[in-house]
Amino acid sequence: MTDTRSDTRFDPGQADLRWQRAWEEAGTFSADSASPKPKSYVLEMFPYPSGRIHMGHVRNYTMGDVLARYKRMRGHEVLHPMGWDAFGMPAENAAMEKGVHPGGWTRQNIETMKAQLKRIGFALDWTREFATCDPEYYGHEQALFIDLYEAGLVYRKESEVNWDPVDMTVLANEQVIDGKGWRSGAEVEKRKLNQWFLKITQFAEELLDGLGKLEDWPEKVRLMQENWIGKSSGMEFSFDLSNGDTLPVYTTRPDTIFGASFVAVAPDHPLAQSVAAQNCDAAKFIERCKRGGTTAAELETAEKLGFDTGIGAKHPFTGEYLPVFIANFVLMDYGTGAIMAVPGHDQRDFEFATKYNLPILRVVAGKPEDADLPFGTEAEPGDGVVVNSGFLDGMSVEEAKAEVIARAEAEKWGQGTTVWRLRDWGVSRQRYWGTPIPFIHCGTCGVVPVPKEQLPVTLPDDVDFKTPGNPLLRHPGWKHVDCPKCGGKAERETDTLDTFVDSSWYFLRFASQPADKPFDRDEVAAWLPVEQYIGGIEHAILHLLYARFWTRALQHIGLLDFAEPFASLFTQGMVTHETYARRAPDDGRLSYFLPDEVERSSDGAVLKADSLPVEIGRVIKMSKSKKNVVDPDAIIDRFGADAVRWFMLSDSPPERDLPWSEAGIEGCGRFVQRLWRLFASLDANAEGEDKSLERKAHQAIAAVAEDIEALSFNKAVARIYELTSAAEKAAPSASRNFAVRTVLLLVSPMMPHIAEEAWAGAGDGGLIADAPWPVHDPALLVEDEVTIAVQHMGKLRDTLTAPKGAPKEDLEALALASEKVQRSIDGAAIRKVIVVPDRLVNIVT
Ligand code: ANZ
Ligand code: ZN
């Protein structure tokens with residue numbers, strides 16, 4: 001035992017930094033692509049450099065860190081990188097509000113946050129760090145974008161944007177609040193602009209099918225992606241209209257065609273537009289529809305509104321004319337933008353028909369006798385048998401669907417089709433702080449890609465954020481260039497890429513970073529797919545779908561050999577805390593206080609400043625706006641990095657929310673010291689065996705490994721607590737030393753600093769980060785003693801412990817030797833003894 005270790009307190013303020021430096025100097029966590037070891041790529045979603053690390057980051061990265069360190073101990077070459085998703089709006093907002101440059105603001109935040117991450121002791125390969133705003137990174141992204149353009153996966157199309165007429169700028173959807181610009185408060189208009197799109201729909205089927213093979217993804221996430229892709233099968237057919245036109249509609253329920261009582265088109269459908277051109281009431285109606293929200297979810301709940309065009313649509317079977325409405329609940333960009341409406345069996349149609357007094361017909365019933373059953377207050381979208389439908393009567397819904405499609409195809413007025421909810425990905429942003437789209441517009445040659453040797457197209461630094469709008473558009477020089485094709489005067493594209501593009505391939509660049517191309521195909525293949533990806537559920541759809549699409553698209557153009565980037569996905573729960581607030585007496589507005597500003601007791605809370613009460617709110621996700629946050633740095637100052645890491649892993653299963661508590665972190669702080677005393681109690685001279693403790697240690701080795709692999713960190717933590725307690729209680733022996741060393745190794749991925757410090761005194765030299773995971777003896781996993789129930793006439797009289805697998809005779813003898821049993825038998829003649837090995841002895845008298 002060394003002198004420092006006889007000191008009974010562990011001082012993280014001293015030790016943490018020392019070990020962080022030691023790892024850095026030794027390059028412990030630098031991943032070697034050429035290593036012959038099996039490779040593991042552990043990745044957490046990289047952060048947006050918003051300013052400071054928060055507890056949500058700490059939880060996410062601690063989980064990945066434990067897995068990465070564990071994998072190294074199991075002999076894997078581990079890639080565990082970190083970088084920055086550094087483009088985006090907040091930097092531009094900061095520029096507008098504080099007059100700083102988005103680049104400077106971002107770099108400053110990165111520096112702060114990197115220092116914070118280092119203080120937590122994450123096993124990261126910092127040599128591979130990059131920010132997506134590095135020209136080197138986005139230059140490669142521009143090259144990939146041009147590759148995709150050349151492969152026909154990028155195109156331009158006119159599409160609508162939110163236009164703020166006061167700020168003269170395009171707004172993102174999040175910047176439109178109740179139809180008004182978030183800064184100006186002006187009524188937002190729709191404008192059509194030429195924009196860039198990625199053809200994700202070309203991969204719709206593949207992206208959907210691929211979900212089936214992602215067995216190690218949460219079911220919930222797969223379902224969300226499936227719904228987002230939204231494959232729908234049905235029929236498209238055309239109505240002949242009374243004005244001589246034809247109107248194609250899309251339905252998933254051709255079986256209900258005899259129940260159609262009206263037809264409806266979207267407000268921006270060409271038919272609606274042509275009616276509006278001659279009828280100003282129709283035009284007014286359409287204007288009114290545009291004012292409300294236009295998302296599918298908003299339309300679902302909004303009041304149904306319609307305008308009767310006076311046109312009739314001829315039913316393909318009955319020949320009857322159905323009225324054609326313009327209706328607010330029909331979307332232009334789904335199916336054909338027009339529907340046959342069946343109020344009896346579709347809720348939206350039901351509400352509309354009720355409001356406008358249109359017939360509600362039953363064409364599906366539970367059984368044929370119910371053909372004339374009236375409807376209740378809702379549509380009946382369910383399954384059943386077809387009724388009131390001529391030649392379809394008596395068929396099941398499925399049979400009737402097939403029959404109608406067959407007839408329509410034979411008579412050539414419709415056909416079976418598949419429709420997707422997924423839309424092509426609009427990637428144009430009219431913003432400065434993003435990757436410039438590498439194209440040039442020439443009056444003669446049209447749209448010309450920037451030649452690759454001229455990449456990166458870098459952002460100009462001298463930009464002005466005082467005037468709203470896109471600074472690239474207003475910049476005096478930047479956009480004026482010569483056409484790469486004809487040499488004539490031309491203009492750069494001033495749109496930048498959606499930041500989701502930046503995060504759609506960063507995991508490839510982490511794995512391989514050549515200077516002359518985005519990545520090396522073979523080096524990437526050595527690391528990917530990512531073995532374990534960890535991040536928030538908020539990315540279940542967009543980021544994860546876009547990353548899957550980019551991987552497939554790059555495979556499609558021959559740059560990659562695999563289709564799915566993330567073999568296993570884990571979505572961690574949030575860190576939560578109760579809120580503290582006071583209500584202003586005049587307007588009732590809440591003002592929030594930090595947990596630090598509040599004195600909490602069992603029956604309430606008071607503000608430290610004035611000792612008057614504050615309201616305690618619900619336990620919710622930590623957020624700056626509710627001030628229910630705890631700063632990781634402050635906690636590390638008090639308890640050290642290991643205690644915070646341990647807290648992040650304890651108590652709650654990792655997929656659940658983790659409520660932060662002062663008592664909890666204090667407990668972790670105490671446990672760190674308990675461990676320190678335990679490690680200090682190793683006794684080199686101790687001899688002798690403690691079989692039971694040894695067995696416990698072997699069991700813990702196996703169980704903790706299993707738990708970490710399943711990401712059940714809270715279970716691993718509980719195991720370590722158990723073994724710690726058992727070792728604390730045991731008398732000195734060689735077995736106890738083994739158990740203590742086992743605790744040290746098992747805890748090392750979770751609390752690496754104290755583990756290194758103890759290892760320096762008690763280990764085999766070197767860093768514990770480089771030590772192998774302990775080996776357990778499988779023979780010791782099974783308990784060797786069992787509990788035997790002893791019964792007399794079927795009634796439990798005693799329980800005994802016996803060696804596992806003891807012969808029947810031994811158990812019988814043991815049972816009969818029991819005093820309690822003898823008292824129960826009370827001298828009666830024994831007729832029979834039934835023995836079930838390892839479990840039970842029953843004595844019959
Ligand atoms: C008749 C019908 C009867 C329908 C019935 C449903 C139930 P999914 O499953 O999401 O693909 N629809 C079609 N195009 C539409 C559009 N552009 N805007 C709003 N609604 C539209 O939904 C397809 C169903 O939604 C279609 O099937 C159509 O209504 C409606 F008992 O046709 B259905
Ligand atoms: Zn040209």
Right, residue 835: of a type in the set (A, V, I, L, M, F, W, C) and over 60 Å from the mean Cα position of the chain (by Cα) or not?
no
Exception for residue 767 within (1) out of contact with any strand residue (DSSP E or B) (no Cβ under 6 Å at 6 or more places or on another chain); (2) modelled with pLDDT under 95 falls at (2)
Given (1) buried (at least 19 other Cβ atoms within 10 Å of the Cβ); (2) in contact with a strand residue (DSSP E or B) (Cβ under 7 Å, 6 or more places away or on another chain); (3) at pLDDT below 95, residue 582 misses just (1)
Taking the range 788-834 and the residues there that are hydroxyl-bearing (Ser, Thr, Tyr) and over 19 Å from residue 845 (Cβ atoms), the one that is surrounded by the most Cβ atoms within 10 Å (Cβ to Cβ) would be 799
- Task: Please verify whether the range 128-145 includes one or more residues that are in a helix (DSSP H, G or I) and touching a Gly at 6+ places or on another chain (Cβ under 8 Å).
- Result: yes
For the range 103-122, pairs from a residue that is within 15 Å of residue 60 (Cα to Cα) to a residue that is surrounded by fewer than 18 Cβ atoms within 10 Å (Cβ to Cβ), with Cβ under 7 Å and 6 or more apart or across chains, are 113/52; 116/52; 116/633
Residue 658 passes all but one of the listed conditions (1) closer than 30 Å to residue 727 by Cα; (2) over 23 Å from the mean Cα position of the chain (by Cα); (3) of a type outside the set (Lys, Arg); the exception is number (2)
(message) Among the residues that make up the range 135-142, is at least one of them among the small types (Gly, Ala, Ser), closer than 22 Å to residue 440 by Cβ, in contact (Cβ under 8 Å) with a residue 40 or more places away in the chain and surrounded by 16 or more Cβ atoms within 10 Å (Cβ to Cβ)?
(response) yes
Among helices (runs of 4 or more DSSP H) entirely inside the range 1-77, those with 1 or more residues being closer than 25 Å to residue 660 by Cα are 12-26, 55-73
Listed by range, helices (runs of 4 or more DSSP H) wholly within the range 443-518 having at least 3 residues that are within 16 Å of ligand 2 (Cβ to nearest atom) are none
Every listed condition ((1) at pLDDT 95 or above; (2) in contact with a Lys or Arg (Cβ under 6 Å, 6 or more places away or on another chain)) holds for residue 160 save (1)
- Confirm whether residue 182 is over 23 Å from residue 418 (Cα atoms), among the hydrophobic types (A, V, I, L, M, F, W, C) and touching a helix residue (DSSP H, G or I) at 6+ places or on another chain (Cβ under 6 Å). yes
* Taking residue 304 as the residue in question, decide whether it is touching a strand residue (DSSP E or B) at 6+ places or on another chain (Cβ under 9 Å), at pLDDT below 95, surrounded by 14 or more Cβ atoms within 10 Å (Cβ to Cβ) and over 23 Å from residue 422 (Cα atoms). => yes
Filtering the range 769-784 for residues that are under 30 Å from residue 806 (Cβ atoms) and part of a loop (DSSP other than H, G, I, E, B) leaves a count of 7
Within the range 335-376, the count of residues that are on the phi < 0 side of the Ramachandran plot and exposed (fewer than 15 other Cβ atoms within 10 Å of the Cβ) comes to 12
Selection over the range 475-490 where residues are under 42 Å from the mean Cα position of the chain (by Cα) and surrounded by fewer than 15 Cβ atoms within 10 Å (Cβ to Cβ) yields a count of 3
Exactly one of 409, 380 is away from ligand 2 (no atom under 16 Å from the Cβ), closer than 29 Å to residue 307 by Cα and without any contact (Cβ under 8 Å) to a residue 40 or more places away in the chain, and that one is 380
When restricted to 568, 611, the only residue modelled with pLDDT of 95 or more and surrounded by fewer than 20 Cβ atoms within 10 Å (Cβ to Cβ) is 568
All-but-one check, residue 657 against (1) at positive phi; (2) touching a residue at least 40 places away in the same chain (Cβ under 8 Å); (3) surrounded by fewer than 17 Cβ atoms within 10 Å (Cβ to Cβ), failing number (1)
Only one of (1) polar (S, T, N, Q); (2) surrounded by 20 or more Cβ atoms within 10 Å (Cβ to Cβ); (3) within 14 Å of ligand 1 (Cβ to nearest atom) does not apply to residue 233, and that is (2)
_Residue check, residue 268 over 24 Å from residue 355 (Cβ atoms) and in contact (Cβ under 8 Å) with a residue 24 or more places away in the chain_ = no
Being in contact (Cβ under 8 Å) with a residue 60 or more places away in the chain, surrounded by 15 or more Cβ atoms within 10 Å (Cβ to Cβ) and closer than 30 Å to residue 535 by Cβ narrows 239, 203 down to just 203
The correct count of residues that are surrounded by fewer than 17 Cβ atoms within 10 Å (Cβ to Cβ) and touching an Asp or Glu at 6+ places or on another chain (Cβ under 8 Å) in the range 404-415 is 1
Go through the residues of the range 283-295 one by one and say whether even a single one is surrounded by fewer than 19 Cβ atoms within 10 Å (Cβ to Cβ), within 25 Å of the chain's Cα centre (by Cα) and either more than 30 Å from residue 533 (Cα to Cα) or in contact (Cβ under 8 Å) with a residue 40 or more places away in the chain (or both). yes
Taking first residues from the range 759-772 that are within 14 Å of residue 18 (Cβ to Cβ) and second residues anywhere that are in a loop (DSSP other than H, G, I, E, B), the pairs with Cβ under 6 Å that are 6 or more apart or on different chains are 761/2; 768/748; 769/28
State whether one or more residues within the range 419-438 are over 24 Å from residue 324 (Cα atoms), within 16 Å of ligand 2 (Cβ to nearest atom), not aromatic (Phe, Trp, Tyr) and not in a helix (DSSP H, G or I).
yes
Selection from the range 346-367 of residues closer than 25 Å to residue 408 by Cα and not hydrophobic (A, V, I, L, M, F, W, C) yields 346, 349, 359, 362
Reported set for the range 323-333 where residues are touching a strand residue (DSSP E or B) at 6+ places or on another chain (Cβ under 7 Å) and within 12 Å of ligand 1 (Cβ to nearest atom) is 327, 330
Exception for residue 75 within (1) surrounded by fewer than 23 Cβ atoms within 10 Å (Cβ to Cβ); (2) closer than 30 Å to residue 495 by Cα falls at (2)
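The values are calculated or read from the model by the stated rules, or taken from the named source; none is laboratory data. Note that this is a predicted model, so its numbers are computed, not measured. Cβ coordinates were reconstructed from backbone atoms using ideal geometry, including for glycine residues, and neighbour counts include every protein chain displayed.
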